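First the structure, in the form of structure tokens, and then the observations on it.
Derivation of every value follows stated rules applied to the coordinates shown; laboratory data play no part. What you are looking at is a predicted structure, and each value in this text was computed from that prediction instead of being measured. Neighbour counts are summed over all protein chains in view; Cβ atoms, including those assigned to glycine, are modelled from backbone coordinates with ideal geometry.
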Amino acid sequence: MTAIIILITILIITGLTYVVNRLAIIKKQICPICAGVSLTWLISLILNYTTNYQVEPLILGMLMGGSVVGFSYTFDYRVTKSLLGWRIFSVLGGFAAVYSLLAKEWIVFGLSALVWLFSVWFFLRKKPDQATTDNTKVEELEKEMKKCC
């Protein structure tokens, strides 16, 4: 039953985000499925820690892990240093943070969150130079994002 509630929640949030995008309520487009998954696990996690309602850790882990990978992939274009280094530190740091958060291992969570935050700072701290930015590549990515959702 929990899985059905989670799937319905993802669909509702995804649909609402799609409507917000279509009506141009906010200037920046948001990936509807990303919003649906992220907000669903965030709401579920809050409910897990503040009420008697418990969501299976396996479901939460899958959703949170998907968000970690999605975040890493979304910011690949901003990486000015080693792309492989970015992916290793952002994904593995994120996975470790997710696992330790769900396992309630707070020290490990703190350390892995620091590794993840460091990777975000280190690899994304500088925007690519305008001279090296290829507008056609940016346009291609924008088209892919629109096709996605």
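With kT/(6 pi eta Rh) evaluated at 10 °C and eta = 1.306 mPa s, and Rh the Kirkwood radius from Cα pairs, the stretch 1-129 diffuses with a coefficient of 100 µm²/s according to Stokes-Einstein. Per residue, the chain reaches -25500 deg cm²/dmol at 222 nm when only DSSP H runs of four or more residues are counted, each adding -39500 (n - 2.57).
Report the extension gain between residue 42 and residue 103 in nm, rounded to one decimal, defined as 0.36 nm multiplied by the number of residues separating them, less their alpha carbon distance. The partial results should precede the final answer.
On the way: separation 61, 0.36 × 61 = 21.96 nm, distance 1.58 nm.
20.4 nm is the gain from fully extending residue 42 to residue 103.
Annotation: peptides 33-41, 18-26, 6-14, ranked by per-residue average of other Cβ atoms within 10 Å with the highest first, follow the order 33-41, 6-14, 18-26.
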